[in-house]
Amino acid sequence: MNIANNTVVTIHFTVCSSDGTQIDSSRNSEPMVFLQGSHFLIQGLENELDGKTVGDKFVIDIAPNLAYGERHEELVQAVPKSMFEDMDVTPGMTFRATTDDGEQSVMIIDVDDENVIVDGNHPLSGLTLNFDVEVLDVREATTEEIAHGHPHTEGGCGHTH
């Protein structure tokens, strides 16, 4: 069976930045299982998987526009430290912030005496990503999985909708 929308796909993957730094891998743990076409994956990887079948292996570089987008420096902002009240904020912490465009995740990248510098970019924005992928399984999704937008493990969904 070929990978297409509304198939449940199981893969092993390793993803690295263009300089070869490993970002993530499933190879020493459980493989990734997802519903193709549900936008669970970045667009470039989902596009590349389309039409593949069990046993296929491939390596692909995915540009930022098909991954986590380009970096936008205007999303890096200084926020008065007083907005964090008495919280002990440190670089690397993430928060949900209310913006003109709705809720958005921001990461603290620096803290000084008066300001907290936050970055609203995805941590992988601006990066070309190199994926090494092996397709382990492909099956038709059930009607329930399609309706819920994700695969179910043995025993069902695991949460309420």
Over the stretch 87-147, with every protein chain in place, what whole percent of the accessible area is carbon and sulfur at 1.4 Å, could you tell me? 47
Say each of Asp132 and Arg27 gets a label point 7 Å from the Cα, pointing the same way as Cα to Cβ; how far apart are those two points in nm? 0.4
Kirkwood Rh in Å, taken over all unlike Cα pairs in the stretch 50-161: 18.0
Sorted largest first, the Cα spans of the stretch 1-61 on the principal axes come out in Å as 33, 22, 20
Expected sort for 102-110, 124-132 on mean C-beta neighbours within 10 Å, highest first, is 124-132, 102-110
Ordering Lys52, Lys57 from largest to smallest accessible area (1.4 angstrom probe), what's the sequence? Lys57, Lys52
Rounded to the nearest 500, what is the chain's calculated 222 nm mean residue ellipticity when only DSSP H runs of at least 4 contribute -39500 (n - 2.57) each, over all residues? -2000 deg cm²/dmol
Table column - 3J(HN,Hα) (Hz), the stretch 58-75, Karplus curve with 6.51, -1.76, 1.60, x for Gly and Pro: 7, 10, 9, 9, 10, 5, x, 5, 10, 10, 9, x, 6, 6, 10, 5, 5, 7
Convert each backbone phi in the stretch 2-17 into a coupling constant with the Karplus relation 6.51 cos²θ - 1.76 cosθ + 1.60 (shift: θ = phi - 60°), then list the ³J(HN,Hα) values in order as whole Hz, x for Gly and Pro. 8, 5, 8, 3, 6, 10, 8, 10, 10, 9, 10, 8, 10, 10, 10, 6
Ignoring ligands, DNA and RNA, what percent of the accessible area of the stretch 1-70 is carbon or sulfur (1.4 Å)? 45
For the stretch 20-25, just list the computed ³J(HN,Hα) in residue order, Karplus coefficients 6.51, -1.76 and 1.60, θ = phi - 60°, integers in Hz, with x standing in for Gly and Pro. x, 6, 6, 9, 7, 7
Where only protein heavy atoms count, and the probe is 1.4 Å, what is the accessible area per residue for the stretch 1-81 in Å²? 57
The correct ranking of Arg139, Arg96 by accessible area at 1.4 Å, largest first, is Arg96, Arg139
Check Met93: other-chain or 5+ apart residues with amide H under 5 Å from its amide H, H built from backbone geometry? Ile108
What FRET efficiency, computed as 1/(1 + (r/R0)^6) with R0 = 45 Å and r the Cβ-Cβ distance, is obtained for Ala63 and Asp86, rounded to the nearest 0.05? 0.55
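The values are calculated or read from the model by the stated rules, or taken from the named source; none is laboratory data. Bear in mind the structure is a predicted one, so any value in this text is a computation, not a measurement. A quick note on method: Cβ atoms are made from the backbone with ideal geometry, for glycine too, and the neighbour counts reach across all protein chains shown. These accessible areas exclude ligands, DNA and RNA; they are computed on the full protein's heavy atoms, side chains included. Shrake-Rupley method; radii C 1.70, N 1.55, O 1.52, S 1.80 Å.
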